[in-house]
1. Within segment 9-43, how many residues are hydroxyl-bearing (S, T, Y) and more than 25 Å from I85 (Cα to Cα)?
2. Please indicate, with yes or no, whether at least one residue in segment 107-124 is part of a helix (DSSP H, G or I), modelled with pLDDT of 95 or more, loosely packed, with under 12 Cβ neighbours inside 10 Å and of a type in the set (D, E).
3. Can L10 be described as buried (at least 16 other Cβ atoms within 10 Å of the Cβ) and among the hydrophobic types (A, V, I, L, M, F, W, C)?
4. Hey, any hits in segment 54-76 for a residue that's farther than 21 Å from E111 by Cα, part of a loop (DSSP other than H, G, I, E, B) and among the hydroxyl-bearing types (S, T, Y)?
5. If only one of V45, V21 is β-branched (V, I, T) and part of a helix (DSSP H, G or I), which one is it?
Amino acid sequence: MWRAGGAIALHAKKGYRVKIVCLAYGERGESQFAWKKAGITMQEVKAGRKDEAERAAAMLGAEIEFFDAGDYPLHPSEQHLDRLIDIYRELNPSFVLTHALEDPYNVDHPEAARFAQEARIIAQAMG
């Protein structure tokens, strides 16, 4: 949601049900400011990022669910896949906004896109 806030707010305002699935808290890649505090722990960084994301989602009019699949590197599990499949089946989304399948700077972004696509493909299967 950090880069899609405008799209999220616009669709929520138009009456779409918007659900953000947050695969990682960005605890390594996007939390440089948090690590400047002496003695801070990984759990404290994640808690701060979660609070920030919950507040942002509420301001944008969206629901949010956290998977905590790691950050740098992102490693979604079978349980994460099963949950995302359930979310797709529950919501039957008109579209999914995710990262690009190619990103030479951040290997987590193509993994997130691949994961979202895999879950979507499986979710559409009857069995």
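The values are calculated or read from the model by the stated rules, or taken from the named source; none is laboratory data. Keep in mind that this is a model prediction, so the values were computed, not measured. Note that each Cβ is placed from the backbone with ideal geometry, even for glycine, and that neighbours are counted across all protein chains shown.
1. Number of matching residues: 2.
2. Taking every residue of segment 107-124 in turn, none turns out to be part of a helix (DSSP H, G or I), modelled with pLDDT of 95 or more, loosely packed, with under 12 Cβ neighbours inside 10 Å and of a type in the set (D, E).
3. No, not satisfied.
4. no
5. V45
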